[in-house]
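What follows is a short report on a single structure.
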Amino acid sequence: MTVSLQAKSAIVTGAAVGIGPAFAKALAQHGVNVAVCDIREEIMALPAELQAFGVQAKAWVADVSQPDDVRRVVGGAVAEFGGLDILINNAGKCWASKPDDDLDKTLADYEGMIGTNLKGEYLMGRAVIAQLLEQGRGGEIVNVATDHMVTCGAPHELCPGLDTCPWKDAPRPTGTDAMDIYDASKWGLNGFLYGWAKALKPHNIRVNAMCMGATDSWMIRDFFGFPQTREEETAAQKAEVDTWMAKEDTARVVIELLEEGPNGRNAQNINLCVGRPVKLEAPLPHVYITQESLDGDH
Ligand SMILES: NC(=O)c1ccc[n+]([C@@H]2O[C@H](COP(=O)([O-])OP(=O)(O)OC[C@H]3O[C@@H](n4cnc5c(N)ncnc54)[C@H](O)[C@@H]3O)[C@@H](O)[C@H]2O)c1
């Protein structure tokens, strides 16, 4: 049985370009009031599009790595909507980093990617959790991770071998030679996933992570040096982009996840790979946290 999202209230971070606006629009389409933030000024145009779905919407230019900005967005969303139910921790940064980069680049990469992908999700999570606990009506946190490192949480030996999984017959290749700090920032989210899911379960607050593969966005086009519009693609680029997932489909899966409600899956890294149907798979067995630990006192 699914629950209705109608009249709930959400925050989507990093919603100016890429997948974030698709998350925000999908929520608004389902009757959710949506607060959005981004470091890009373009974010201020999004509420008008969201309000067209008949919901309340509000935007802030804000950096999720900065505590004062986080307080401004969370406090502002609560003041605007009278409460909060959903956090989509989506804001992210990604560019190439290599083990032999010089120290100046290394530090900039660390501050940029860890600052947003790990610290930003941490701060937003903390601020929203305090509000959810005060309200006492449950809630949903979705951290956006990546499929890079078997983040589905199922090592090959334990994987149920879904027919739709491109790696069902062989271990999933892991790691890349140019994404060490990005991957570290996303692996780090597992600490929040398991810690928050366990601690917040008694309060009916679910915590899950979306671990999707290549999804057409500003970020992935920038990473590969592709143009930002389809019209400008070469034939080879077009062939590559055609294999990526559409952000609207990724957003649809997040809506399906939220509609599971408080009795749905919890503490899951949800894998969404290119080459598979873009749909919410059945929950996988827990690997890094046991069901007993999730349900128990310690
Ligand atoms: N596109 C993919 O293939 C893909 C795959 C796996 C995971 N992801 C993850 O999905 C999320 C969205 O990625 P995307 O592809 O849409 O990226 P994108 O770059 O297209 O969009 C990210 C948005 O976040 C904003 N942002 C960046 N740093 C911020 C900060 N500190 N505070 C507030 N806003 C900030 C950007 O301005 C931008 O609007 C990210 O967490 C990313 O790591 C993307």
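No lab work stands behind these numbers, since they all come straight from the coordinates. Everything quoted here is computed from the prediction, not taken from an experiment. Cβ atoms come from the backbone with ideal geometry, glycine included; neighbour counts cover every protein chain shown.
A few notes on this one:
- Cα-based shape type of the chain, given that a ≥ b ≥ c are square roots of the gyration tensor eigenvalues and the cut on a/c is 1.5: rounded
- Protection proxy ranking of 215-226, 112-123 - average other beta-carbon atoms within 10 Å, highest first: 112-123, 215-226
- Among LEU294, THR106, ALA22 the positive-end extreme of the charge dipole of the chain (Cβ point charges): LEU294
- Extreme residue, positive dipole direction of segment 165-242, given options ILE220, TYR194, GLN237 (C-beta unit charges): TYR194
- Using only side-chain charges placed at the Cβ, +1 for Lys and Arg and -1 for Asp and Glu, the dipole size of the chain relative to its Cα centre rounds to 820 debye.
- Distance between segment 104-124 and segment 59-84 - C-alpha centres, whole angstrom: 19
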